[in-house]
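To start, I am sharing the structure in question, which I have written as structure tokens.
The values are calculated or read from the model by the stated rules, or taken from the named source; none is laboratory data. Please read these numbers as outputs of a predicted model, since none were measured by experiment. Please note: Cβ atoms are built from the backbone with ideal geometry, for glycine as well, and neighbour counts cover all protein chains shown. These accessible areas exclude ligands, DNA and RNA; they are computed on the full protein's heavy atoms, side chains included. Shrake-Rupley method; radii C 1.70, N 1.55, O 1.52, S 1.80 Å.
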Amino acid sequence: MTTTQEAHGKVATTVALRWDEVFFTNCPMVSANNIDQELGWCREEFKKIGVEYAYFRSRSENNWYPHYVHNLDNLIRFGGLYPPIHVNADIRRTRLLGATQVWEGGAMLVRARDDFFRMEDLRGKKIGLTKSLNTIKNDWWRIQEHAGIELMLRKNDMTVDDVEIVEFPYPDDWYDKPEMLQVSMNNPSELWLRRDHKHDLAFRPLENALEQGVVDAIYTQSKVFQHLQEDTGKFKAIEDLSRYPDWTLQMANCPAVITCTDVMADEHPELVVAYMKAMIKVGRWANDNKHAAAVILNRQTFYRDVEDTYQGIKDVDLVPNLSPRNLASIEIGKDFMLSHGYIQNDFDVHEWAAPQFLEQAAEELIQEEWQRITTAKLPEATEMEIQTHRLG
């Protein structure tokens, strides 16, 4: 049995709800979940409590849209900021469980041989801005383009009135193609076995327009995408928000956030805690093994290669958190979406945040480690050790 949600002729389908299984979904970006999909530690945590844990596309009944509209109650999402803001504002209530910030702000790309060397040179010139025609999902790429363009102009004493913004509607429909739906996937990285994602222009819809001279400049994410595009020899960046010390400029669909439905949080908190325990453990491992983490992340992100991935994550804390700065970053993204009409309803980010799950997960990990250390030094098995082995 499946459930459906319809919008403008497109349908979001999901498997029938069961609470002895939990699904996950993630974006191709820097996160502990994208590392865990190769380590499998989250699956182990759920196995301890008798729950199956799987990628949401491992079931053919789930199409791609639950990733964007969160219409699957037993789904946990770790990914870009703008879709979950849209969901919580306008679709359904969710809980914010953690966040990971990266320094990828955005860059302004121009043709390599054009006589443009600074933003000032773009006065009166054309800057592209995409518009997804897929209305069932959040137009996250346009939002980050829009925010990045405005920020780069402001950093250079300019506004959108000093340039010509050219809109480019595009289908954004690869989610609905038969080849993307007919085969189930047990791991998110299997998606990229079907697409050469580091060179697939579906993820860089304005690159051809820039190369052909239809526009004079386009937004691109700093480091990710940017280096792949510059490596062609056709393009160069004349501004890069990631080079500034101002953390409020890093708005490229960031920070990546963890969300679950209010139903899961309220009715099955143990599932949320199990997930967060794994994210803490994986994040700690990744922080201690950045090169190894880069090898895993390179399979699914848009950095050039493993070394480029390492350079992008070497200063990133991969243990998700709800620090005051991360919450402020999320609020900046939410306020931009509200002020520019990308969401219709406002909400309080601090009320959205649910730190109790992260706190409980951290506390349980401390208790488990204490039991492990203590029982390892006892001369014979104790009731504590016996119970520990039963739970494990």
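Counting just the residues of the range 64-87 that are open to solvent by 10 Å² or more (accessible area, probe 1.4 Å) and touching a helix residue (DSSP H, G or I) at 6+ places or on another chain (Cβ under 6 Å), which one comes out modelled with the highest pLDDT?
D73
Which of the numbered conditions does T259 fail, given that it passes all the others? Conditions: (1) of a type in the set (S, T, N, Q); (2) in a loop (DSSP other than H, G, I, E, B); (3) open to solvent by less than 40 Å² (accessible area, probe 1.4 Å).
(2)
Further question: Identify, please: which residue in the range 296-349 is of a type in the set (D, E) and out of contact with any helix residue (DSSP H, G or I) (no Cβ under 7 Å at 6 or more places or on another chain) and is, among those, most open to solvent (accessible area, probe 1.4 Å)? Walk me through how you get there before you give the answer.
Taking the range 296-349 first, the residues of a type in the set (D, E) are 305, 307-308, 315, 317, 331, 335, 346, 348.
Right, trim to out of contact with any helix residue (DSSP H, G or I) (no Cβ under 7 Å at 6 or more places or on another chain) and you get 305, 307, 315, 335, 348.
Details: D305: 60, E307: 93, D315: 133, D335: 70, D348: 69 Å².
Only one residue tops the list, namely D315.
Still on this structure, I have one more. List pairs: first residue in the range 114-142 and farther than 26 Å from H67 by Cβ and among the small types (G, A, S), second residue open to solvent by 10 Å² or more (accessible area, probe 1.4 Å) and assigned to a helix (DSSP H, G or I) anywhere in the structure, Cβ distance under 9 angstrom, at least six positions apart or on different chains.
Close Cβ pairs satisfying both conditions: G124/D162.
Could you pull out the residue among Q371, Q344 that is polar (S, T, N, Q) and modelled with pLDDT under 95?
Just a single option satisfies the conditions, and that option is Q371.
Can I ask one more? Of all residues in the range 35-56, count the ones that are at pLDDT below 95, open to solvent by less than 10 Å² (accessible area, probe 1.4 Å) and out of contact with any Phe, Trp or Tyr (no Cβ under 7 Å at 6 or more places or on another chain).
0
For the range 231-256, name all the residues that are among the acidic types (D, E) and either part of a helix (DSSP H, G or I) or over 25 Å from G213 (Cβ atoms) (or both).
Within the range 231-256, just D246 meets the criteria.
Got a sec? Which of T100, T159, T130 is surrounded by fewer than 18 Cβ atoms within 10 Å (Cβ to Cβ) and of a type in the set (S, T, N, Q)?
T159
Here's something else I'd like to know. Quick one: is L228 touching a residue at least 40 places away in the same chain (Cβ under 8 Å), assigned to a helix (DSSP H, G or I) and crowded, with 24+ Cβ neighbours inside 10 Å?
No.
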